[in-house]
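*Asks:* Before we start, here is the structure in question, set down as structure tokens.
The values are calculated or read from the model by the stated rules, or taken from the named source; none is laboratory data. Predicted model only: the values in this text are computed from it and were never measured. Please note: Cβ atoms are built from the backbone with ideal geometry, for glycine as well, and neighbour counts cover all protein chains shown.
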Amino acid sequence: MSISPARAIYQNKDFLKSLKPRIDSFIKLSGRVHDLPYHQFFQLAAIAYEMKPDLIVELGRAYGNSTFVFTEVAGYINAKVISLCDNNFWATITLPKIRELVNDEWLKRLDARFVNNFLEVEMKTEILPAKKVLVFWDAHGFQTAEYVLGYLLPMMKGKECMVVMHDITDMRYQYVDDSYRQQRIWRPDSANEGLSMVRVGNFSSFNEQLIAAFDFCSRNKMELRSADQSFLTELSEIEVQELWDCLNDGFNTEAHWAYFNLDKPNFWKLHFPAFDRRAAVEENKFKRDYLKGVRDKQDEFMIRSERVRRIAIYLQQLADRFGLEKK
Ligand SMILES: C[S@@+](CC[C@H](N)C(=O)[O-])C[C@H]1O[C@@H](n2cnc3c(N)ncnc32)[C@H](O)[C@@H]1O
């Protein structure tokens, strides 16, 4: 059964209101709202609380905004959160700042793993016993898409599964600049630099997962839905007013995330891409070696943006000319 983001937030507004003081304390103590706008804390909490999964898989944690909100809700619905990320900012930066907010029982619900790459992470043992799984996909790249679509999702047979993807905008409901902004066309090697966006159907994103997820949904005759559409079409004016009264700036109809559900009865008809862990690891190794080669041959600036790279080279030339030593 598909969950409506709008109905989830409306039906659970009192619960969400009760979370507000803790979300506010988290933001104040951690000192960061970057990566997840304030109202999205409530949108994610609403989805998790409405769905009541027994397992939440978070791909991409960084400083842990979504990690906090999912683990908070997990305490009410008796769920476990497995969070995978290639940095340890959560444990080394955020957790020490918010330690007074969370006790050992809270932390027991969260398995925050510091990994080299999702690709290498085996999840069978955790996914197979789960009945309802919420996947929060907030890390980019085609390899991550292969991990989700080709490795995690085929394990969801017989389960309810919802996949929520951050950073995808439904252009029918949110304003997106139509111009290219004088940028080259979007390509994976310039993704995530915040300038070029790719458009597929009604959606726009900086990231690869839009292409992979749209392709997956199209092949499987499934709809890639947007929370933007849900918030802007499924709530009456009175309900929107009630949400503002209840959550104040914790409610906003801007979402910029998309989602799909796996159809449990028809799971056997679904098509999944192959997942070749060894090939992907080799691919990474090749890229690393290749980049190292480029770097050795050209200059030592590992900067993908051509403009920033040129500025760095220019500054280095100035430093060389004036005899400034590199530390
Ligand atoms: C946008 S941030 C996550 C933000 C987080 N969900 C929040 O709400 O604060 C994405 C994170 O995923 C990590 N990441 C990207 N690709 C990865 C991969 N292949 N394996 C592990 N972590 C990855 C990035 O380093 C980054 O820290």
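*Asks:* Scan the stretch 131-151 and give yes if some residue there is small (Gly, Ala, Ser), under 29 Å from residue 2 (Cα atoms) and outside any loop (DSSP other than H, G, I, E, B), otherwise no.
*Replies:* Within the stretch 131-151, one or more residues are small (Gly, Ala, Ser), under 29 Å from residue 2 (Cα atoms) and outside any loop (DSSP other than H, G, I, E, B).
*Asks:* Another question, if that's okay. Scan the stretch 64-94 for residues that are near the ligand (Cβ under 7 Å from one of its atoms), within 18 Å of residue 37 (Cα to Cα) and touching a residue at least 40 places away in the same chain (Cβ under 8 Å) and report the count.
*Replies:* Within the stretch 64-94, residues that are near the ligand (Cβ under 7 Å from one of its atoms), within 18 Å of residue 37 (Cα to Cα) and touching a residue at least 40 places away in the same chain (Cβ under 8 Å) number 3.
*Asks:* Here is a follow-up. Give me the residue from the stretch 204-223 that is in a helix (DSSP H, G or I) and polar (S, T, N, Q) and, out of that set, surrounded by the fewest Cβ atoms within 10 Å (Cβ to Cβ).
*Replies:* For the stretch 204-223, the residue satisfying everything is 218.
*Asks:* Starting from residues that are acidic (Asp, Glu) and over 21 Å from residue 50 (Cα atoms), keep the ones in the stretch 131-183 and report whichever is nearest to the ligand (Cβ to nearest atom). First the steps, then the outcome.
*Replies:* At the first step, the residues of the stretch 131-183 found to be acidic (Asp, Glu) are 138, 146, 160, 167, 170, 177-178.
Filter again for over 21 Å from residue 50 (Cα atoms), leaving 146, 167, 170, 177-178.
Details: 146: 10, 167: 8, 170: 19, 177: 22, 178: 25 Å.
Of everything passing the filter in the stretch 131-183, 167 is nearest to the ligand (Cβ to nearest atom).
*Asks:* Any chance the stretch 62-76 includes a residue that's in contact with a Cys (Cβ under 8 Å, 6 or more places away or on another chain) and either crowded, with 16+ Cβ neighbours inside 10 Å or not charged (D, E, K, R) (or both)?
*Replies:* Yes: one or more hits.
*Asks:* Can we say residue 92 is of a type in the set (Ser, Thr, Tyr), outside any strand (DSSP E or B) and surrounded by 20 or more Cβ atoms within 10 Å (Cβ to Cβ)?
*Replies:* No: the conditions fail for residue 92.
*Asks:* Report yes if some residue within the stretch 123-133 is surrounded by 17 or more Cβ atoms within 10 Å (Cβ to Cβ) and within 19 Å of residue 259 (Cα to Cα); otherwise report no.
*Replies:* Yes, the stretch 123-133 has at least one match.
*Asks:* Search the stretch 23-63 for residues being within 12 Å of the ligand (Cβ to nearest atom) and of a type in the set (Lys, Arg), and hand back the single one that is farthest from residue 209 (Cα to Cα).
*Replies:* The qualifying residue farthest from residue 209 (Cα to Cα) is 32.
Table: residues versus (1) touching a helix residue (DSSP H, G or I) at 6+ places or on another chain (Cβ under 8 Å); (2) buried (at least 16 other Cβ atoms within 10 Å of the Cβ); (3) free of Cβ contacts under 8 Å to residues at least 24 places away in the same chain; (4) among the aromatic types (Phe, Trp, Tyr).
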| residue | (1), (2), (3), (4) |
| --- | --- |
| 198 | yes, yes, yes, no |
| 202 | no, yes, no, no |
| 225 | no, yes, no, no |
| 245 | no, no, yes, no |
| 250 | yes, yes, no, no |
| 258 | yes, yes, no, no |
| 261 | no, yes, no, no |
| 265 | no, no, yes, no |
| 281 | yes, no, no, no |
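*Asks:* Right, residue 124: touching a residue at least 40 places away in the same chain (Cβ under 8 Å) and under 23 Å from residue 268 (Cα atoms) or not?
*Replies:* Taking the combined requirement at face value, the residue does not satisfy it.
*Asks:* Looking at (1) within 14 Å of the chain's Cα centre (by Cα); (2) modelled with pLDDT of 95 or more; (3) aromatic (Phe, Trp, Tyr), which one does residue 118 not meet, given that it meets all the others?
*Replies:* (2)
*Asks:* Would it be correct to say that residue 113 is in the same structural domain as residue 224 (by TED's automatic domain parsing), within 10 Å of the ligand (Cβ to nearest atom), at pLDDT 95 or above and out of contact with any helix residue (DSSP H, G or I) (no Cβ under 8 Å at 6 or more places or on another chain)? Steps first, please.
*Replies:* Values: in the same structural domain as residue 224 (by TED's automatic domain parsing): yes; within 10 Å of the ligand (Cβ to nearest atom): yes; at pLDDT 95 or above: yes; out of contact with any helix residue (DSSP H, G or I) (no Cβ under 8 Å at 6 or more places or on another chain): yes.
Yes.
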